[in-house]
Amino acid sequence: MTTQPSGPDLAQIRRVVTEIPGPRSLELAQRRKQSVSAALGAAVPVYADRAGGGVVIDVDGNSLIDLGSGIAVTNVGNSAPLVVEGISAQAHLLTHTCFMVAGYEPYIQVCEELNDLTPGDHEKRSALFNAGAEAVENAIKIARSYTGRNAIVAVEHAYHGRTNMTMALTAKNMPYKHRFGPFAPEVYRVPTSYPVRDGLTGVEAAQQTLARIETEVAAENLAALIIEPIQGEGGFVVPAEGFLPALQRWCNEHEVVFIADEIQTGFCRTGDWFACDHEGVVPDLITTAKGIAGGMPLAGVTGRAEIMDSVHSGGLGGTYGGNPVACAAAVGAIKTMREQDLAERARQLGAVMTTRLNALASDVDVIAEVRGRGAMMAIEFAEPDTLAPRADLPKRIAAACAEQGVIVLTAGTFGNVIRLLPPLVMSEPLLDDALDVLTHVIQTEADQ
Ligand SMILES: *Cc1c(COP(=O)(O)O)cnc(C)c1O
């Protein structure tokens, strides 16, 4: 039997050989309709067969360029060699004991890596979970236990997950919260920094945010402030310089736990190991998931030892959290990021995207802003005079790109953002080809 190419050995080209979706994808769509809950969405109408580097090969043999990375997960590419090796070696040794029953080395290794790589050189501890939302839930539990306070502050446009606590923290109703209430109490929402819409400097925006917290919550009731250093689902909103450091300083002064949710921004995505590194922000707790393990389900909470160790013994855990196979995948993914300097790759891909998209923005007047950092870039569409959101465009653009073999995702509280999250191992010619398609599609759709 000849082995077919896989992972990074797949031909790194865009190739559309059938209509999209093709006949096999249509067949699977039909079976899905009969078997899978209709509540699950799908960004593209094709079904994947294999993927690697910067491409996803569908079941009809179409090769699509991946500008989504499965929502910022496959930063090292799909089926990256060290991830596959780690998974297979570990799967042969043991697949599960439960860390709370009998521990194992890969869990400890991942915690050591997290403590080492996350911002700040203070003493740290970590705990591992299954998914981003579970990490956020646990960060909140830890902050409440440590401070003995109840209130939690989240910001406008925030996204922190789909469980009950994290729905309360998430800003956007549709589709995340609609009809799913009541939500967890003692969550307060305050303004954030959204430069293109609020026109404020980072310091001014922070004053506004902190004034709201002081008048409506008060520090002595507040356990934690949670914020994404660059917002993900909210539309890749990058706060103005100085905003995050001012919030961090206020939290430190008032003994409020400052939680950075780096689930989407972490692991080299923004051109640093973590987005907080950009302004030297040192969170008390940091949540990670998505890019951590090359596609395996794993999440972490990392933070100051005195906070992490303050919870009563047995207070944190879960049956599968820090599964050994997922941990082995994370060790392989982190090694890949280090060896291939993927933070630097993210900066290079970001420079290519920024140049091309800024050129496009100068001729398309419904582009309100091109923004982001590293390989986390977005385009916001709005009417030029009023900034009224153009939510119709991203959906049409994403559909037209998929038809031509490029996967792009939408985002934004107003649904008016296209976001680009290529795997950090993508070659520049492939990225250029995807940007040719995207640019052409945007020019065509924006004229209509
Ligand atoms: C995706 C995401 C989450 C939730 O992670 P899940 O693994 O989907 O539960 C939380 N916060 C941020 C910033 C995210 O991007």
From Thr288, Thr319, residue being outside the structural domain of Pro422 (by TED's automatic domain parsing), more than 12 Å from the ligand (Cβ to nearest atom) and either at pLDDT 95 or above or within 20 Å of Ala224 (Cα to Cα) (or both): Thr319
Number of the exception - Met296 against (1) part of a loop (DSSP other than H, G, I, E, B); (2) within 14 Å of the ligand (Cβ to nearest atom); (3) hydrophobic (A, V, I, L, M, F, W, C); (4) crowded, with 24+ Cβ neighbours inside 10 Å: (4)
- request: Hey, could you check the range 152-161 for residues that are in a loop (DSSP other than H, G, I, E, B) and under 21 Å from Gln208 (Cα atoms) and say which is nearest to the ligand (Cβ to nearest atom)?
  value: Tyr159
- prompt: Restricting attention to the range 120-132, which residues are within 18 Å of the chain's Cα centre (by Cα) and either away from the ligand (no atom under 16 Å from the Cβ) or buried (at least 24 other Cβ atoms within 10 Å of the Cβ) (or both)?
  reply: Leu128, Phe129, Gly132
field: Listing of helices (runs of 4 or more DSSP H) fully contained in the range 162-276 that carry 2 or more residues being within 15 Å of the ligand (Cβ to nearest atom), at pLDDT 95 or above and of a type in the set (S, T, N, Q)
entry: 164-169
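This table checks each residue for (1) among the aliphatic types (A, V, I, L, M); (2) at pLDDT below 95; (3) farther than 25 Å from Thr18 by Cα.
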position	(1), (2), (3)
Asn62	no, no, no
Gly68	no, no, no
Thr74	no, no, yes
Ala80	yes, no, yes
Val84	yes, no, yes
Gln90	no, no, yes
His96	no, no, yes
Ile108	yes, no, yes
So Ile418, is it aliphatic (A, V, I, L, M) and free of Cβ contacts under 8 Å to residues at least 60 places away in the same chain: yes
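The values are calculated or read from the model by the stated rules, or taken from the named source; none is laboratory data. Since the structure is predicted, the reported quantities are computational estimates derived from the model, not experimental observations. Methodologically, a virtual Cβ is constructed for each residue, glycine included, from the backbone with ideal geometry; neighbour enumeration extends over all protein chains shown.
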